[in-house]
Structure formats: C-alpha cells, structure tokens
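Accompanying notes for the structure given below.
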Amino acid sequence: MRLNGSEPSRRNANQLRKQMTPPEIGLWLALRANQARLRFRKQHSAGPYVLDFYCAPARLAIEVDGEAHARGDRPARDVERDAWLAAQGVRTVRYAAQEVLENLDGVVTQIMTIATARRAQINPPPQGGGGSAKR
C-alpha cells in the first residue's frame, strides 16, 4: 500500500527539501549510508502531511522535532498526525532536534533497529530456505 500525498503536501515537501535544518541534514546523511540497505525518503508527502523521513519497506516515519513542536497547538497537531499515520499502518518515531545533534549514532542505531524489525514483520522472508524446486 503506497502512502501518497496531496498536491499541496507534495509542493510543500519540495520546498522543505531545500530548507532542511542541520539536524535533518545530519540524520539524512546517516540514514542514506545505512548498512541494512533500507531506503529512506526525505520530506515525503503523505496525505495532507510531510514526513521528515519515511522508510516505505518498514512503513516507518521519522520526525525531527525542533523547539516549536512543544509550543501552542503543535503537540495536539502532532498527536493528530501520528494517529492519522497509524491508521495508514505507519509507525512514527520522534526525536528532539537537540538529541539528533548530540547523539546521532544512537538515534540512527535505534531507527535502524526499529526499521529492520518492522520490515521483517511486514515482509517476512520466504519459508523453506529460498525457492521451491519443481521436479
């Protein structure tokens, strides 16, 4: 099942790709170089939202939250967004921008652990060790 974005969210995603924050850039570079060979998308549009990072094989959204996410109506909006994503079968993990800056390796390790486990759960390997030989 593909997670497609609306036209306004696709336009917004294109703009946000050009304006990534330092924590997002650092995380993007680390996710691209992952040894599990999982593909991540940056600023991926999903419905009316734009996800900071998305791993389709694991149905995993990664959000890097700056200070603004703790103010005003942002916490409630984040809960609503996470609920919408969960209804689409997508798990969301959130990291404070400061944590990404201070502990990039730990954040990446945790993301890769979650992503590889979800990928295996969603797309289990074939039973019986490979292929079936017909005789």
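No lab work stands behind these numbers, since they all come straight from the coordinates. Keep in mind that this is a model prediction, so the values were computed, not measured. A quick note on method: Cβ atoms are made from the backbone with ideal geometry, for glycine too, and the neighbour counts reach across all protein chains shown.
Helix 74-87 and the longest principal axis of the C-alpha atoms of the chain enclose an angle of approximately 20°. Close amide H contacts of residue 66 (hydrogens built in the peptide plane, cut-off under 5 Å, sequence separation of 5 or more or a different chain): 97. Phi angles of segment 90-101 translate, via the Karplus equation with coefficients 6.51, -1.76, 1.60 and θ = phi - 60°, into HN-Hα couplings of 10, 8, 10, 10, 10, 10, 5, 4, 4, 5, 4, 5 Hz per residue; Gly and Pro are given as x. Taking the helices alone, the chain has a mean residue ellipticity at 222 nm of -14000 deg cm²/dmol, built from -39,500 (n - 2.57) per DSSP H run of at least 4 residues and averaged over all its residues.
Using Cα atoms only, what is the angle between the long axis of helix 104-122 and the major principal axis of the chain, expressed in degrees (0 to 90) to the nearest 10? Helix 104-122 sits roughly 50 degrees off the main axis of the chain.
Amide H to amide H, with H built 1.01 Å from N, residue 45 comes under 5 Å of 51, counting only residues 5 or more places away or on other chains.
Magnitude of the charge dipole for the chain, about its Cα centre and with charges confined to Cβ atoms of Lys, Arg (+1) and Asp, Glu (-1), is about 960 debye. For 9, 45, the sequence from fewest to most other C-beta atoms within 10 Å is 9, 45. In percent, rounded to a whole number, the relative contact order of the chain is 24, using alpha-carbon pairs under 8 Å and six or more apart.
At q = 0.20 Å⁻¹, what log₁₀ I(q)/I(0) does segment 7-121 have when each alpha carbon counts as one equal point scatterer in the Debye sum? Results for segment 7-121 at q = 0.20 Å⁻¹ read -1.18.
Within the listed set 107, 64, 79, the residue fluctuating most in the Gaussian network model of the chain (springs between alpha-carbon atoms under 10 angstrom) is 79. Angle of helix 7-17 to the longest C-alpha principal axis of the chain, folded into 0 to 90 degrees and rounded to 10: 80°. Simple rule: put +1 on each Lys or Arg Cβ and -1 on each Asp or Glu Cβ in the chain, find the dipole, and look at 107, 23, 38; the Cα lying farthest toward the positive end is 38.
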